[in-house]
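The values are calculated or read from the model by the stated rules, or taken from the named source; none is laboratory data. A quick note: this is a predicted structure, and the numbers were derived from the prediction, not measured. Cβ sites come from the backbone with ideal geometry, for glycine too, and all protein chains shown count toward neighbours. Heavy atoms of the whole protein, side chains included, go into the accessibility calculation; ligands, DNA and RNA do not. Shrake-Rupley method; radii C 1.70, N 1.55, O 1.52, S 1.80 Å.
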There are 2 protein chains.
Amino acid sequence: MSLASPSDTLFCTVDVVLLTLRDQTLHVLLHRRDREPHADAWALPGGFIHTAEDASTWDAAARVLADKTGITSPYLAQLATWSGPGRDPRGWSVSVVYYALVPAHIVPTEHDRLHLCAVAHLPELPFDHAHIVAEAVQRVRTKSVYSSLPVYLCGETFTLPELQAVYEAVLGEPINKVSFRRKVEELAMLEPVPGERQAGGAHRPAQLWRLRPEVRAAWALSLSERGLNSRG
Amino acid sequence: MSLASPSDTLFCTVDVVLLTLRDQTLHVLLHRRDREPHADAWALPGGFIHTAEDASTWDAAARVLADKTGITSPYLAQLATWSGPGRDPRGWSVSVVYYALVPAHIVPTEHDRLHLCAVAHLPELPFDHAHIVAEAVQRVRTKSVYSSLPVYLCGETFTLPELQAVYEAVLGEPINKVSFRRKVEELAMLEPVPGERQAGGAHRPAQLWRLRPEVRAAWALSLSERGLNSRG
DNA sequence: CCAATAGTGTCTCTGAGACACTATACC
DNA sequence: GGTATAGTGTCTCAGAGACACTATTGG
């Protein structure tokens, strides 16, 4: 059977907003474009969907991120979809955008085509990428108020003072220590790691914590749950 | 210039989850499909993007909704995008899904190809439409907790007891009257209409309220703000 | 005056923040 | 013992719900 309205001269891509914390500030990973349009400009890593390899736009985003930056992000979620005839000079385009949160240490060393940039001091970005980054930052801030999202900005294990600093960096305001610990406890998403950690200085060491395995599992499940990964 | 990875045998559609309240229950508008696949099955109204007429997927969703149901919804927002090789038998597909909220009285009389169905008692739906509806309902419930979303399920004007009943229907639980009124007041989104309304019975009539014009304006603005409507 | 619903005043109780305290490391 | 940071006990205050009251209509 043939499509009623065959490919109406439209193309479909994915883009990834990868956010991380550096010097207590949100940074976004930019990639220098290989091709026209806007060749050699800093932009969000993105690319076409490969229908032969990708089982969803989520897969496409993960593949594009890995190909262009070498990163596999433990957290990669859909942000929204942008579209229109004018956003890309090549024609009517649809871009399904994902956002990733990673600890700074897994971002590879920057080089000529890879750059971490503070979200507050972005250069001119091509297409509508500036809007997209702004929306991603807003989403992360909003979700951080009531969820454990920022733990994905930490490494595998972390102390509560570290985690609190991460929350404060994301939200841009100080948090009450007691309230923070109460909140963490009631969310019940963390578990203590048997070991401890010495801060560099001369003081009591802090307990190490990690995300409870069920939580990571639940998050992975929520992907496949929604219709066998068809929700890309 | 040519596309690096030209249209990789993939097609892009929009679907609309139109929700309304009937008998104090959330209902979704289903449309009997005109064509294969799943011809004559009840499904979400949807269709292809027409790059010649649509300036965004938002425009496409509004057009599809108007064409198939005759409805122009005051609230139409992006839900998410579904994708994959298996969700539509015609091949690798991307569907950008929108959700609409309307008062029941603007839904046209049901006929052979148009049907309002309680979200709790959906028939078998083709594609991944059952998942999509579930996600839309969840989104509306979540947003209703902290926003004025449910006012779009009311008509132009309404009484506070009516609005409270709408909130209760959406959230599925009773709300404290005093707290509800405090909340409405602090959100500052409503204004009283000079007139009053008699309930059918013998009792004190209730004040009529409406959404403040600035709020409707702000909502319209938030569309165009994000990059000249490029966020479809 | 009665019934029925609209709308408000106020008490209580829960939860978040402020503050001060204790705990434990290195020097 | 001093200092610095981790972690906790408790007081206070603000906001949400419960309840009871007043207001206003038709009968």
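If you average the sequence gap of Cα pairs under 8 Å that are 6 or more apart and divide by the length of chain B, what percent do you get for the contact order?
With pairs under 8 Å counted, the relative contact order is 20 percent.
Shortest first, in nm, what separates the label point of A:Ala104 from those of the same position in the other copies (7 Å along Cα→Cβ)?
Counterpart label points of A:Ala104 in the remaining copies fall at 5.7 nm.
Quick check on region A:11-128: what are the equivalent-ellipsoid semi-axes from the Cα gyration tensor, as sqrt(5λ), descending, whole Å?
Working from the Cα gyration tensor, I get semi-axes of 22, 17, 13 Å.
Let me have the 222 nm mean residue ellipticity of the protein assembly as shown computed from DSSP H runs of 4+ only, each contributing -39500 (n - 2.57), with the sum over all residues rounded to the nearest 500.
-9000 deg cm²/dmol
Express as a percent, rounded to the nearest 5, the fraction of DSSP beta bridges in region B:10-145 (both residues included) that run antiparallel.
Around 70 percent of the beta bridges assigned by DSSP in region B:10-145 are antiparallel ones.
Per the 1.4 Å probe, what fraction of the accessible area of the protein assembly as shown, in percent, lies on carbon and sulfur atoms?
Here carbon and sulfur together make up 53 percent of the probe-accessible area.
In straight Cα distance, which aspartates and glutamates are under 14 Å from B:Lys177, not counting same-chain residues fewer than 8 positions off?
Correct list for B:Lys177: B:Glu162, B:Glu168, B:Glu185.
Kindly give the distances from B:Thr142 to its copy-mates, label point to label point, with each label point 7 Å from Cα along Cα→Cβ, as nm values to one decimal ordered shortest first.
1.0
Viscosity 1.567 mPa s, temperature 4 °C: give me the Stokes-Einstein translational D for region B:157-219 in µm²/s, with Rh taken as the Kirkwood radius over C-alpha pairs.
Answer from the Stokes-Einstein relation: 101 µm²/s.
Got the relative contact order for region A:69-111 handy, in percent, Cα pairs under 8 Å and 6 or more residues apart?
About 45 percent, as a whole number.
In nm, what does the list of distances from A:Ala206 to its counterparts in the other copies look like, shortest first, when each label sits 7 Å along Cα to Cβ?
5.1
What figure, in Å² to the nearest 10, do you get for the accessible area of B:Lys183 with a 1.4 Å probe and non-protein molecules left out?
For B:Lys183, solvent-accessible area is about 90 Å².
Rounded to the nearest 5, what % of DSSP beta bridges with both residues in chain B are antiparallel?
In chain B, approximately 75 percent of DSSP beta bridges are antiparallel ones.
Calculate, for chain B, the solvent-accessible area per residue in square angstrom, rolling a 1.4 angstrom probe over the heavy atoms of the protein chains.
Each residue of chain B exposes 47 Å² on average to a 1.4 Å probe.
Which lysines, if any, have their Cα less than 18 Å from the Cα of A:Lys183, not counting same-chain residues under 8 positions apart?
Within the straight-line cut-off, A:Lys183 pairs with A:Lys143.
Express as a percent, rounded to the nearest 5, the fraction of DSSP beta bridges in the protein assembly as shown (both residues included) that run antiparallel.
Just about 75 percent of them are antiparallel.
With the contact rule set at Cα under 8 Å and sequence spacing of 6 or more, what percent relative contact order holds for region B:10-145?
Worked out over region B:10-145, it gives 33 percent.
In whole Å, how far is the Cα centre of region A:178-212 from that of region B:8-39?
With region A:178-212 and region B:8-39 each reduced to a Cα centre, they are spaced 47 Å.
Bin by bin, in steps of 20 Å, what percent of the Cα pairs in the protein assembly as shown do you find, going until the bin that has the longest distance?
Percent of Cα pairs in each bin: 22, 52, 24, 2.
Could you please put B:Ile175, B:Ile132 in sequence from largest to smallest accessible area, using a 1.4 Å probe?
The ordering from most to least exposed comes out as B:Ile175, B:Ile132.
Could you state the number of Å between the C-alpha centres of region A:98-137 and region A:41-77?
14 Å
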